[in-house]
Structure formats: C-alpha cells, structure tokens
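Okay, structure first, notes after.
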Amino acid sequence: MRQGWMRRPQEGVERTVEHAVSAGALASDGAGAIALPFLLDADSARRGRDWLLHRALLVADVLGLSVAFVLAQILFEPDVTTRDVVTPGMESLAFILSLPLWIAFAMLSGLYGRDHRRTDHSTVDDLVGVFAVVTIGSWIFSAFAWLTHVASPNPPRMVAFWLMAIVLVVSARAAARAAARRSPMYVQNAIIVGAGDVGQLIARKLQQHPEYGIRLVGFVDVQPKEPRDDLDNVVLLGGPDQLPELVARYGVDRVVIAYSNDSHEQLLGLIHRLKAISVHIDLVPRLFESFGPRVEMHMVEALPLIGLPPVRLRPFDRFVKRSIDLAVAALALAATAPLFAYVAWRIKRDSPGPVFFRQERLGLNMEPFTALKFRTMRVGVDNDVHREYIRSTMSSKAAARSDGLYKLDRADDVTPFGRWLRKTSLDELPQLVNVLRGEMSLVGPRPCIPYETEHFAPHHFERFLVQPGLTGLWQVTARARSSFGEALDMDVAYARSWSLGLDLRLLCKTPLAIRQQAVSNSTA
C-alpha cells in the first residue's frame, strides 16, 4: 500500500525548468525563485509542441505537394501539339508562388492547430482535411489555367498530381509527427487540479499513454484522496492558489481541472488567471460519463449548452455501413484463405480439439449469436475464473497487474500457438464470417458474453444499440490498459458518437494498435 503523497516532482521536470532558465525562457532572481510568466510574453518565452508541430507539418505539406507536382510533370509531359501561353518553367514558378495559398487553405481547414489541443490527435484524423484541401486546390489550379487559356487541360496529369499529393502529404505528415515526438519540445508538462477519484483516473490514463507526450508534474488539491497504487511518481504540489506560481516554476503547458473541492467562484477565478498566462486548460465536465465525441456545443444568449444527440443510425447509415462490411469482409476472407488453412493445421497439430472456438455473444439489441474465433486455449477450461475477473475489474479503481495491464493471466491454459495468435490478434479472424452473416460489423463494441451483463450499469446497455465489431474504440485507444468497466464506457461512447468517419478512422488506426500490442507483448 502506498504511504501517502510525494512532495517533489520527478527529476526530469526539474531539469527541464533549469534548462529553460539557463536558456532565458524563464527568469530567475538568482536565489532559486523563478519569475511568474505573466511578467513575460509567454508565447515567445517558451517554444513548445504547438510551435514545433506547426512548422514540422508546414514543411511536410510543402514537401508533399512539391514532390507530387514534380512527379506529375515528369510522368506526364505536355502535349507538343498544343500551344500554351506558359512554358513548363513558368508553370513551375506559378505553382511555387501558389504554395502560400495552399498553406492558407490548410490553416483555414484546421490542419495545423489540433495537435496542441487534442492529446490523441494523429495523422489519420487529418485524412478528410488533406483530401478536401488537395481536391479543391487541384480543381482551382486547373480551372484557373483553363479559364484563362494560359495552359491546356491535361486530365491525366491533374489526376496523377491529385492522387500523389494526397498520399505524399499524408505520408510526410506522419513522418513529421514521428520525428517531432522524438524532440523534447514535444513533451508537455501538465498539472491536474483535483486529486480525487476522477483526477487520479486521468493521471493513470496519461501515464499509460506515453505517445500523448504529456508528462504529469503533479496534482494541486487542499483535500486530496489517498493516491492509487497504480500511479507512478505521484506528487502533491500544493493548493490551487499556488497554481500560477507552479506553472512558472515547472514550465507547465497544460492544466487539467478535474473535480475539486473548491467553489465555483474559486475555480472560475483560477481559470481566468491561467488564461492570462497562455496555458492550455482542459475541463472535466460534470456528468462526463454521459458524453461522447459527438456532443454539440450551442448557445442561448451566451449561456453554453452541451447537446447530447440521440443514439440512432438512419436507414441510409445502416445501408452504407453494411455495404462496407460486406465488401471488406468478402475480400479479406478471400485474401486470407491460405492463412486460414495454415492456422487450422497448426491448431490441430498443437493440441487436441476443434479448430474454431464457438461462444454465445450478444449482438444488436442483445440478440444472441455464435461468435467464431480460432481456438487458442486447451479444451475444457473453466469459465468461472473469467467471471470472477470481470466482476473484479468493473470499477475504474480496480488495480492493474504489475505491468500496468488489465489482463487475465491464463498462461497454463493457452496453447503455444495460441499465444502467437493472441499476440497478433489473428485469433479473431474467423469473425469475418460473423460480419458476412450480419451478426457483427467491422467496427463496433466488443461482442459481449451474456454473463457480463450482470455487472452492467444502466447506461452500459446503450452499447447494444449498434452491432458489435471486430475492432472499435476500446481496441484502438486502450485495449488491456483499461479495466472492464472503462472498456464498457468506451463502447458506450462509440455507440453515442457513431459516424462513418469515426468507423474509417478506427479502421485506419487498427493496424498500428495491433502492432503496438505485439511489441508490448514481446517486451513483457
């Protein structure tokens, strides 16, 4: 059991501040005290993630567009029979001069400011914006040349540029983000206001996701709860009234305001003071359990209201989702037929029993169906162990294993080849058959075992308003790093916020999530 709170931040934060002082980013009085940043221009005093990523992504966009333009020029030379007013050299010059317009359009589309605001933003989330910018920009460029008769239309070259620009810009952005994450400037120091259950839950989630690039400096609270056992290097820095000074001392970029014992007026005053020193503020709203990503903010005479849209899929939405499921599942089954045969042979060779594991699961509207998986365990394993594990991990306060994972250890029951199947997530490949049957979708909540509903809270049943899926929000964002109760909350969040765009983003992120799981399993 942990013995109370630590009172000093980890060494890395102190070194960061010392470096900032020596570099002139923060002022010191020579006696160890650091001047408050509202005495300085905070934006120019500290170059952080926003400054770094804005420039990295800008370079990536210019590079991607330029390479696409050059390749299109090389692959599709102008027709010698046409007489254009401009030469290829002049056309290249015109493209270079138009690059600021492309960048301005990308800025208006919000392609440069989301990384700083959203902790989980990735290149996949840029796909729609990049597609729109490149598509509209390509047509404007071509339409201008055609309307002014300075150049003859060259459809093959225009289409080639359009396709290559989308691919190259997205690839360059992914590379830029990967490079930026290796820089110390990418890391944001954060303080959480409120050391209760919610504040400590946020801290645990931040520590479990190092890819977010957020280093937790500590908490501020006058009446903190006892720290969780699964928090590393937790520090109580003081009370909320000390927060502006702490922001300066530790070079804090982000403040998360969770539930606190302070009054409404005190928290509002604290937020105003933080805004004055250009710190990013995240608020955990009351009733956050009922929110999903698709909540809408609207105003009634300057009074903000948060709208919770109803959970429903229109007939057209269901038709599109089902069409994608059928097409992708059929192609995937055809492409992986040799793999199916190999896995079936290895399972039969590895241990006696059937190739497929069949289990009753609950689908749309709690309709039971038989889910298929490749068998990874020995025949005759007792399910009571799993029942007890589900019960014990329903709460977000449930303790994880020593490696930070919420995973039932059944090493003695899993076959040697089954461990490899689980590591690569290939054990779930037969569920493509369930997708073809219409019992599952490619994207959706994890298919639920009937006895798991014994521990559901009322809002957890909302997950049955959509079909279960092969992959989903929980599988991509948390997987074994969340308790069973938190996984259910993510399933509900998916159901409340379903959109075709969300499905496509989750599908694109799934291969990376599987790769990260395989790497973590191999190092565990």
Does Arg157 meet the test of being out of contact with any Pro (no Cβ under 7 Å at 6 or more places or on another chain), under 30 Å from His264 (Cα atoms), at pLDDT below 90 and surrounded by 15 or more Cβ atoms within 10 Å (Cβ to Cβ)?
no
Per the filter on region 459-492, residues closer than 25 Å to Ala329 by Cα, of a type in the set (Gly, Ala, Ser) and touching a Leu at 6+ places or on another chain (Cβ under 7 Å) are Gly469, Gly472
Touching a residue at least 60 places away in the same chain (Cβ under 8 Å), closer than 30 Å to Phe456 by Cβ and in a strand (DSSP E or B): is that true of Val256 in this structure?
yes
Criterion (among the hydrophobic types (A, V, I, L, M, F, W, C), touching a Gly at 6+ places or on another chain (Cβ under 6 Å) and surrounded by 19 or more Cβ atoms within 10 Å (Cβ to Cβ)) met by exactly one of Val222, Val169, Val217
Val169
Looking at region 195-228, which of the residues that are under 30 Å from Ala178 (Cβ atoms) and part of a loop (DSSP other than H, G, I, E, B) is modelled with the lowest pLDDT?
His209
Hits in region 243-253 - residues which are touching a Lys or Arg at 6+ places or on another chain (Cβ under 9 Å) and either among the small types (Gly, Ala, Ser) or part of a helix (DSSP H, G or I) (or both)
Leu243, Pro244, Gly251
Residues located in region 106-126, provided they are surrounded by fewer than 17 Cβ atoms within 10 Å (Cβ to Cβ) and either in contact (Cβ under 8 Å) with a residue 24 or more places away in the chain or among the charged types (D, E, K, R) (or both):
Ser109, Gly113, Arg114, Arg117, Arg118, Asp120
Pairs returned, first residue in region 292-313 that is part of a strand (DSSP E or B), second residue that is modelled with pLDDT under 80, beta-carbon separation under 7 angstrom, 6 or more apart or interchain, are Glu296/Pro309; Ile306/Val295; Gly307/Val295; Gly307/Glu296
One residue from Ser351, Ser323, Ser290 being under 27 Å from the mean Cα position of the chain (by Cα), modelled with pLDDT of 85 or more and among the hydroxyl-bearing types (Ser, Thr, Tyr)
Ser323
With respect to the numbered conditions (1) in a loop (DSSP other than H, G, I, E, B); (2) touching a strand residue (DSSP E or B) at 6+ places or on another chain (Cβ under 8 Å), which one is the sole condition not fulfilled by Leu231?
(2)
Evaluate the following for Gly363: is it of a type in the set (Gly, Ala, Ser) and farther than 28 Å from Ser290 by Cβ?
no
Looking at region 221-254 only, could you name the residues that are within 22 Å of Arg117 (Cβ to Cβ) and among the β-branched types (Val, Ile, Thr)?
Val247, Val252
Could you say whether any residue in region 242-255 is more than 30 Å from Ser183 (Cβ to Cβ) and touching a Ser or Thr at 6+ places or on another chain (Cβ under 8 Å)?
no
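Taking Pro354, is it part of a loop (DSSP other than H, G, I, E, B) and surrounded by 10 or more Cβ atoms within 10 Å (Cβ to Cβ)?
The answer is yes for Pro354.
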State whether the residues of region 370-387 include one that is touching a Cys at 6+ places or on another chain (Cβ under 7 Å) and either buried (at least 16 other Cβ atoms within 10 Å of the Cβ) or under 19 Å from Phe417 (Cβ atoms) (or both).
no
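The values are calculated or read from the model by the stated rules, or taken from the named source; none is laboratory data. Just so you know, these numbers come straight off a predicted model, no measurement behind them. FYI the Cβ positions are ideal-geometry reconstructions off the backbone, even for glycines, and counts take in every protein chain you see.
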